[in-house]
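Chemist: Before I ask anything, let me first share the structure, which is written out below as structure tokens.
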Amino acid sequence: MGFFDKLTGTRYPDSGVVLLPAVELRAALLALNGPDVPFRVRNALPKEKADLVAECRIREVGVALKTRMRLLPEKREVRFLHERWENRSSDHADAQYGRGHAPAVYRQWETKQGPDGRRRKVETFRFDTREMTDPLRNVVLGAGWTWRGVLKL
């Protein structure tokens with residue numbers, strides 16, 4: 001794996017993995033949907049310039065994540081672009097947009113009084129972006145395809 005691959009989050013399937021056709025890969029990615037996953041996979045809209053999109057909204061911390069995926073059967077790769085919108089203020093003044101491979105953990109804390117009477121910070125919410133990206137990547141690699149990070153689809 002080269003430096004640019006590491007920077008973009010590109011991963012290659014293990015040797016010997018049976019290559020699935022694009023239609024089966026698409027079905028496997030859509031099958032990730034369910035009540036126990038924090039994201040949903042859907043068909044992309046024409047303006048999204050992708051084949052599939054995975055989305056996740058984390059209301060607790062004001063973050064929205066989107067992974068756009070384009071299936072390229074001739075190269076046996078899925079090109080993906082991660083996007084995130086962060087808006088942690090109530091007046092939306094400091095909304096930020098980012099793109100590219102950048103795993104992050106979002107947390108919320110509260111100060112609570114412990115049994116000994118001392119106040120301590122207690123984590124009340126935690127979300128790791130890999131909870132969305134790892135299952136997508138694992139399905140692609142398990143289908144014998146390359147998971148290629150790009151900066152533009």
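Chemist: Kindly provide the set of residues from the stretch 119-130 that are closer than 21 Å to A50 by Cα and open to solvent by 20 Å² or more (accessible area, probe 1.4 Å), ordered by number. Explain how you work it out, then say what you get.
Modeler: Taking the stretch 119-130 and keeping what is closer than 21 Å to A50 by Cα, we get 129-130.
Of everything in the stretch 119-130, just one residue is closer than 21 Å to A50 by Cα and open to solvent by 20 Å² or more (accessible area, probe 1.4 Å), namely R130.
Chemist: OK, next. Can you give me the number of residues within the stretch 20-69 that are farther than 18 Å from N138 by Cβ, open to solvent by 70 Å² or more (accessible area, probe 1.4 Å) and either part of a loop (DSSP other than H, G, I, E, B) or out of contact with any Phe, Trp or Tyr (no Cβ under 8 Å at 6 or more places or on another chain) (or both)?
Modeler: Number satisfying all stated conditions: 9.
Chemist: For the structure I just gave you, tell me whether D14 is open to solvent by 70 Å² or more (accessible area, probe 1.4 Å), assigned to a loop (DSSP other than H, G, I, E, B) and touching a residue at least 24 places away in the same chain (Cβ under 8 Å).
Modeler: Judged against the criteria, D14 is a match.
Chemist: Looking at the stretch 103-114, is at least one residue farther than 18 Å from I58 by Cα and either small (G, A, S) or outside any strand (DSSP E or B) (or both)? Write out each step before concluding.
Modeler: Just the residues of the stretch 103-114 that are farther than 18 Å from I58 by Cα, to begin with: 111-114.
After this cut, where a residue has to be either small (G, A, S) or outside any strand (DSSP E or B) (or both) as well, the list is 114.
Within the stretch 103-114, one or more residues are farther than 18 Å from I58 by Cα and either small (G, A, S) or outside any strand (DSSP E or B) (or both).
Chemist: Given the criterion under 15 Å from the mean Cα position of the chain (by Cα), modelled with pLDDT under 85 and among the small types (G, A, S), identify the matching residue among A102, A93. Let's see the steps before the verdict.
Modeler: Values: A93 fails: under 15 Å from the mean Cα position of the chain (by Cα).
The conditions single out A102.
The values are calculated or read from the model by the stated rules, or taken from the named source; none is laboratory data. Because the structure is predicted, anything quoted here is derived from the model rather than measured. Cβ: placed from backbone, ideal geometry, glycine included. Neighbour counts: every protein chain shown. The protein model used for the area step is the full one, side chains on, heavy atoms only, and it has no ligands, DNA or RNA in it. Shrake-Rupley method; radii C 1.70, N 1.55, O 1.52, S 1.80 Å.
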